[in-house]
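Down below is the structure, laid out as structure tokens.
The values are calculated or read from the model by the stated rules, or taken from the named source; none is laboratory data. Treat the numbers as computed from the prediction; the structure is a model and nothing was measured. Note that each Cβ is placed from the backbone with ideal geometry, even for glycine, and that neighbours are counted across all protein chains shown.
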């Protein structure tokens, strides 16, 4: 593993002291709480109905109500859905949530999870257990309990960013239960994967859990490309007393993939780029050169203490480290020769580290005739990014035939570090408060605020040559600001099982949120998005199904754009509007029939820009219509069948690239062969659609072709 010189990082020591103080706060004395009056509904939220496809409550302690009474669109993909679909990656899991679009990485180098939500980039809005995951890699699902997608600006809860929304991955925890699960999956195009999930009660007060994964798989419909890796996750839960619970875990994921740089896009007579389906399965990289290696290590420790039934404290420390090394071919069409141009690889070697400590105090009490679910807390975070300068010698690869590329040619070049590096740091201290006020059993008010003070620095210790031949000298840029994020919502419950809400909120996104800065960006304020959402949620079929609908309108009031008089200068004088409709349903309609489905209509427009040609245009990567459906039916004790579809409407990826609409059809059937053995068949993209998943400029990564897998599951 790569070592990083930490001799010049005094800020981390200061943060470590602050975190130590925060951890010590778990010994704070109890605060007296008034008892709730009988006329008010219970303010302590507890789950009452459990169904495989319906989640009662979001994992964040800042959301005090169950999902049915949370005035915001939150879509949850539970573990049972991941199992039924035989999902192995976050990208595939997010197909269950409409309104999300996958993108190619910035500069074409990152092969990770790059996505947008409701038209706004959300690549930097991915979280693990409520902590920002700043790594650029393809996330695996082997250690996930559920995936939560929050729609709309939500900086008051998650911190900077989240203009379109955020994605939170909830890790598996040790339970006081005994089970052993193992799976082996095989499929077409050399798909092979195995997992194990072992949980045990070690004593009356201690439980442990281990999750393991290994895979060596090709990608259906794509030549040569390979996903290879292994993972380990361990977790412990210890009951120190009847009021104190300690839980923790460690995880490690190692990936050694052959990356997919995509295929060249051709240009028609109108100047529009398109995918030639005859090239959709071809690989244009250099097999003996291209690589995508990632090592991700995380450590989490949480302490929960109940002072009383109405007062509790939680402190969580999270440490994450991601090491990425990649070289990816970016093919393009050579119109002179009619071949595929490959050239030099886009190389990247970087480390990303984060340390976070979150302290949250919850108090449930009444004030007069008003019930309160109050959460106050503090979040201390330091993020660090190091990107190493690369030296590429004899690295340019020859052109190959467009339709029959030969890619296993010898490679005699080299890609190494030079000693130069770019370094970015982002230190933040946040204070937040969220309160749900219950006036009567029918009326609730939700208020939230977050104050985030940050310091950022980005530097380069070497001179670099730009594409136009100019030279960038070593530099150091820095920025600091205090961000104030807020939300408010009024909720009316016409019936015990339903709610209607009107919510407003904002998001604050500094231009250096990805841990880099430019000379312009260091002097600019954060971009701000404001949202208005009118929605309703209903628990149906004996509370086993949650249905939701919402109208929303998000406005980015000071979007970054180029100056009207100088294209080289960035200013905050743009405006972007995204508005639309969300529909969703998930849960068990009957004891045999489960469903998760949603639809998003999105109308986007750039209303103001420094480039007059952009005004009136749609925001890129924003399909007007998108939908997802997945359902299963238990025929009898042994047989289950199911299926679904994902629809993505046509959308613009760039001024010369428009993606056609695509519908993917999926199906499953499973057979409980014995008490312990289950056999499951999954078929995805049954019609073998050829489409672009991640287009960028003159190239694009096609989506996965028809995939057929069989999974054998053992459970004891």
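What the table shows:
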| read-out | value |
| --- | --- |
| Any chance residue 479 is surrounded by 16 or more Cβ atoms within 10 Å (Cβ to Cβ), free of Cβ contacts under 8 Å to residues at least 60 places away in the same chain and under 26 Å from residue 424 (Cβ atoms) | yes |
| Any hit, the range 367-380, residues being in a strand (DSSP E or B) and either touching a helix residue (DSSP H, G or I) at 6+ places or on another chain (Cβ under 7 Å) or closer than 28 Å to residue 225 by Cα (or both) | yes |
| Which listed residue, of 169, 82, is in contact (Cβ under 8 Å) with a residue 24 or more places away in the chain, assigned to a strand (DSSP E or B) and in contact with a helix residue (DSSP H, G or I) (Cβ under 9 Å, 6 or more places away or on another chain) | 169 |
| Qualifying residue in the range 346-360 (condition: more than 25 Å from the chain's Cα centre (by Cα) and surrounded by fewer than 21 Cβ atoms within 10 Å (Cβ to Cβ)) | no |
| Set 188, 257: member being modelled with pLDDT of 95 or more and surrounded by 21 or more Cβ atoms within 10 Å (Cβ to Cβ) | 257 |
| Residue among 462, 458 that is in a loop (DSSP other than H, G, I, E, B) and either touching a residue at least 40 places away in the same chain (Cβ under 8 Å) or in contact with a strand residue (DSSP E or B) (Cβ under 6 Å, 6 or more places away or on another chain) (or both) | 462 |
| Positions within the range 452-468 being touching a helix residue (DSSP H, G or I) at 6+ places or on another chain (Cβ under 9 Å) and over 14 Å from residue 525 (Cα atoms), in sequence order | 457, 458 |
| Condition check for residue 610: closer than 28 Å to residue 116 by Cβ and either touching a helix residue (DSSP H, G or I) at 6+ places or on another chain (Cβ under 7 Å) or assigned to a strand (DSSP E or B) (or both) | no |
| Qualifying residue in the range 373-388 (condition: surrounded by fewer than 17 Cβ atoms within 10 Å (Cβ to Cβ) and free of Cβ contacts under 8 Å to residues at least 40 places away in the same chain) | no |
| Residue satisfying condition, being modelled with pLDDT under 95 and under 30 Å from residue 398 (Cβ atoms), within set 285, 271, 218 | 271 |
| Condition check for residue 603: surrounded by fewer than 16 Cβ atoms within 10 Å (Cβ to Cβ) and at pLDDT below 95 | no |
| Identity of the residue in the range 160-185, more than 26 Å from residue 230 (Cα to Cα) and crowded, with 22+ Cβ neighbours inside 10 Å, that ends up nearest to the chain's Cα centre (by Cα) | 166 |
| Residue 596 vs. criteria touching a helix residue (DSSP H, G or I) at 6+ places or on another chain (Cβ under 8 Å), buried (at least 17 other Cβ atoms within 10 Å of the Cβ), modelled with pLDDT of 95 or more and assigned to a strand (DSSP E or B) | yes |
| Test result for residue 23, touching a helix residue (DSSP H, G or I) at 6+ places or on another chain (Cβ under 9 Å), at pLDDT below 55 and farther than 30 Å from residue 669 by Cβ | no |
| Selection count where residues are touching a helix residue (DSSP H, G or I) at 6+ places or on another chain (Cβ under 6 Å) and closer than 13 Å to residue 129 by Cα, scope the range 147-166 | 2 |
| Meets criteria (outside any strand (DSSP E or B) and free of Cβ contacts under 8 Å to residues at least 12 places away in the same chain) for residue 162 | no |
| Wholly enclosed strands (runs of 3 or more DSSP E) of the range 616-681 bearing at least 1 residues within 26 Å of the chain's Cα centre (by Cα) and modelled with pLDDT under 95 | 651-654, 657-659 |
| Within the range 497-540, considering residues that are in contact with a helix residue (DSSP H, G or I) (Cβ under 6 Å, 6 or more places away or on another chain) and closer than 19 Å to residue 123 by Cα, the one surrounded by the fewest Cβ atoms within 10 Å (Cβ to Cβ) | 511 |
| Residue pairs meeting the criteria (Cβ under 9 Å; at least 6 apart or on separate chains; first under 16 Å from residue 699 (Cβ atoms), in the range 648-662; second at pLDDT 95 or above and part of a strand (DSSP E or B)) | 659/648 |
| Residues (touching a residue at least 12 places away in the same chain (Cβ under 8 Å) and assigned to a loop (DSSP other than H, G, I, E, B)) located in the range 336-361 | 337, 338, 342, 344, 345 |
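Okay, residues lined up against (1) crowded, with 24+ Cβ neighbours inside 10 Å; (2) in contact with a strand residue (DSSP E or B) (Cβ under 9 Å, 6 or more places away or on another chain); (3) at pLDDT 95 or above:
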position: 89; (1), (2), (3): no, yes, yes
position: 93; (1), (2), (3): no, yes, yes
position: 96; (1), (2), (3): yes, yes, yes
position: 113; (1), (2), (3): no, yes, no
position: 124; (1), (2), (3): no, yes, no
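Quick grid of which residues meet (1) more than 11 Å from the chain's Cα centre (by Cα); (2) at pLDDT 95 or above; (3) under 22 Å from residue 80 (Cβ atoms):
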| residue | (1), (2), (3) |
| --- | --- |
| 101 | yes, no, no |
| 105 | yes, no, no |
| 108 | yes, no, no |
| 117 | no, yes, no |
| 120 | yes, no, no |
| 147 | no, yes, yes |
